[in-house]
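The values are calculated or read from the model by the stated rules, or taken from the named source; none is laboratory data. Here the structure is a predicted model, which means the values were calculated and not measured. So basically every Cβ, Gly included, is an ideal-geometry build from the backbone, and we count neighbours across all protein chains shown.
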């Protein structure tokens, strides 16, 4: 009886007048059921850790969904003498420069899981455009402190990625979402560098100085990347990409310990950003005034979900 009450939260009560225990069912509450999954102490610790990590992704984002789970896990953990407070004290999820997902995350997530189309109004950053479209959600992706919706766009007749916080309105539709094969989604979204991927158009060849090589050699920039140690201790990294903007931004993090060997257009884009930065800080760019196209590319913005 103690296990039923303390481990599983069963509404079992003792009544002396009745001469024993009885099932105290509240008609206002759902009927109690024993759990279908029995957890070991190690499994329970793993779930507590996972719940702590999910809660830390964005305060309040999944609070309504996670609160009942957290409460139940805490009850089970206390019964097993597992200190839940240690997880919240000692596990931290840090997201520098993260962006709140906006008010329509819940609608988008519901459409995704219920496999329904959703009508969205979208405000693109790149060109400040506003569009309305129906989309079939495929995946929600948490990437570098922000949430993105991978979806089939019925307006453009193709796959697109949308920053969830830039969705200004969202409404569930009755139509079923278009189903796409996972292999197709992986090929489109994961075959090239960055969140705005698409089919790769080129390979970047980057050379990192020996002092940077110790870090870069252990990083995964892309699942299909190729790396090798050079004779002088430098590290050569080859990465496929479709759109250069995000890749250029990551390359700039390693300046002056990186050189873009190939292709020339990526090297020129990185050079244009360096020149623009020097001018912004009162210096002189290495090549003088940049062309209009170079100035646009140097802005660092990702292309829109057009």
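Points worth noting:
- Just one of the numbered conditions (1) modelled with pLDDT under 75; (2) part of a helix (DSSP H, G or I); (3) touching a helix residue (DSSP H, G or I) at 6+ places or on another chain (Cβ under 9 Å) is not true of residue 4: (3).
- Qualifying residue in the stretch 248-258 (condition: part of a strand (DSSP E or B), surrounded by 15 or more Cβ atoms within 10 Å (Cβ to Cβ) and at pLDDT 95 or above): yes
- Of the residues making up the stretch 143-157, those that are farther than 22 Å from residue 172 by Cβ and out of contact with any strand residue (DSSP E or B) (no Cβ under 7 Å at 6 or more places or on another chain) are 143, 144, 145.
- Test result for residue 99, surrounded by 14 or more Cβ atoms within 10 Å (Cβ to Cβ) and either within 23 Å of residue 52 (Cα to Cα) or within 15 Å of the chain's Cα centre (by Cα) (or both): yes
- Close pairs from the stretch 261-276: first in a loop (DSSP other than H, G, I, E, B), partner surrounded by fewer than 21 Cβ atoms within 10 Å (Cβ to Cβ), Cβ under 6 Å, at least 6 apart: 263/202
Residues checked against (1) modelled with pLDDT of 70 or more; (2) out of contact with any helix residue (DSSP H, G or I) (no Cβ under 8 Å at 6 or more places or on another chain); (3) in a loop (DSSP other than H, G, I, E, B):
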| residue | (1), (2), (3) |
| --- | --- |
| 39 | no, no, yes |
| 43 | yes, yes, no |
| 48 | yes, no, no |
| 52 | yes, no, no |
| 70 | yes, no, no |
| 73 | yes, no, no |
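- Pick from the stretch 209-227, criterion assigned to a loop (DSSP other than H, G, I, E, B) and either assigned by TED's automatic domain parsing to the domain that holds residue 144 or over 23 Å from the mean Cα position of the chain (by Cα) (or both), ranking: surrounded by the most Cβ atoms within 10 Å (Cβ to Cβ): 209
- Unmet requirement for residue 239, which otherwise passes all of (1) surrounded by fewer than 18 Cβ atoms within 10 Å (Cβ to Cβ); (2) in contact with a helix residue (DSSP H, G or I) (Cβ under 9 Å, 6 or more places away or on another chain); (3) at pLDDT 90 or above: (1)
- Single condition residue 195 does not satisfy, out of (1) surrounded by fewer than 12 Cβ atoms within 10 Å (Cβ to Cβ); (2) modelled with pLDDT under 90; (3) touching a strand residue (DSSP E or B) at 6+ places or on another chain (Cβ under 7 Å): (1)
- Within the stretch 172-186, tally of residues that are more than 13 Å from residue 138 (Cβ to Cβ) and surrounded by 13 or more Cβ atoms within 10 Å (Cβ to Cβ): 3
- Checking each residue in the stretch 141-166 for being under 16 Å from the mean Cα position of the chain (by Cα), in contact (Cβ under 8 Å) with a residue 40 or more places away in the chain, in a strand (DSSP E or B) and surrounded by 14 or more Cβ atoms within 10 Å (Cβ to Cβ) picks out 141, 142, 146, 147, 148, 149, 160, 161, 162, 163.
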